[in-house]
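The values are calculated or read from the model by the stated rules, or taken from the named source; none is laboratory data. None of these values were measured; they are calculated from a predicted model. Reconstructed Cβ throughout: ideal geometry from the backbone, glycine too, with neighbour counts over all protein chains shown.
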Amino acid sequence: MIRAIIFDCFGVILTDAMQLLRAEVQQDNPDTAREITDIISANNHGFIQPTESNERIAKLLGISVDALRARVAGSEVRDERLLQYIQDIHKTYKTALLSNIAGSSLAKRFPNNELKQYFDEIIASGDIGYAKPEPEAYEIAAKRLGVRNEECVFTDDREVFCMGSTSVGMHTIVYTDFVQFRRELEALLLRENS
């Protein structure tokens with residue numbers, strides 16, 4: 001029986017501005033794109049703080065930190081339909097947000113504890129020291145929700161992160177868009193909870 005649904009943030013709830021930036025840089029400078037990936041990974045694991053991460057990425061790109069922040073903020077768009085849907089399913093299922101980010105960076109995007117209206121638990125990789133697809137990240141999410149791994153559905157736009165959740169026994173939906181996700185989730189819930 002499914003009792004909880006766990007969501008990724010970037011590429012699901014918000015457009016992933018950093019992934020778009022990396023893809024753009026990759027075309028002209030693969031080495032710089034790899035360095036950006038390494039910096040983001042260090043930030044996601046809590047090895048460096050978001051301030052240092054932003055400074056290092058801005059330096060690699062030859063722009064100011066303010067210009068980097070403005071570019072990222074301008075590229076991040078919320079999926080309001082999905083947020084409303086999460087609020088609706090939150091009445092029946094436990095919900096969590098599991099994101100590879102520092103908690104302080106997440107709070108800047110959703111101020112005033114806004115995420116609490118959607119999620120029972122908010123898990124930021126930088127705060128727990130494990131990042132998707134490490135098994136511990138998913139296990140911590142299930143434990144905080146008070147459910148077993150196999151009672152969870154995890155959704156993410158990146159297949160490698162979905163494979164990580166599958167490896168710990170969670171049900172998984174690779175997110176491509178809202179309509180596809182809702183259709184697959186509702187079919188899964190009907191099949192597993194009948």
Looking only at the stretch 108-133, filter to residues that are surrounded by fewer than 17 Cβ atoms within 10 Å (Cβ to Cβ) and acidic (Asp, Glu); which one of those is farthest from Gln19 (Cα to Cα)? Asp120
Residues to consider are Leu185, Leu145, Leu115, Leu106; find the one that is farther than 15 Å from Asp8 by Cβ and among the aliphatic types (A, V, I, L, M). Leu145
Members of the stretch 116-141 that are under 13 Å from the mean Cα position of the chain (by Cα) and either of a type in the set (Val, Ile, Thr) or in the same structural domain as Ser41 (by TED's automatic domain parsing) (or both): Ile122, Ile123
If Val160 passes every condition in (1) crowded, with 18+ Cβ neighbours inside 10 Å; (2) within 24 Å of Ser41 (Cβ to Cβ) but one, which one does it miss? (1)
Whichever residue in the stretch 24-65 is among the small types (Gly, Ala, Ser) and in contact with a helix residue (DSSP H, G or I) (Cβ under 8 Å, 6 or more places away or on another chain) and, among such residues, is nearest to Ala137 (Cα to Cα): Gly46
Any residue that is at pLDDT 90 or above and either among the hydrophobic types (A, V, I, L, M, F, W, C) or surrounded by fewer than 20 Cβ atoms within 10 Å (Cβ to Cβ) (or both) - is there at least one of those in the stretch 13-20? yes
Verdict on Leu97 being closer than 23 Å to Glu192 by Cα and within 12 Å of the chain's Cα centre (by Cα): yes
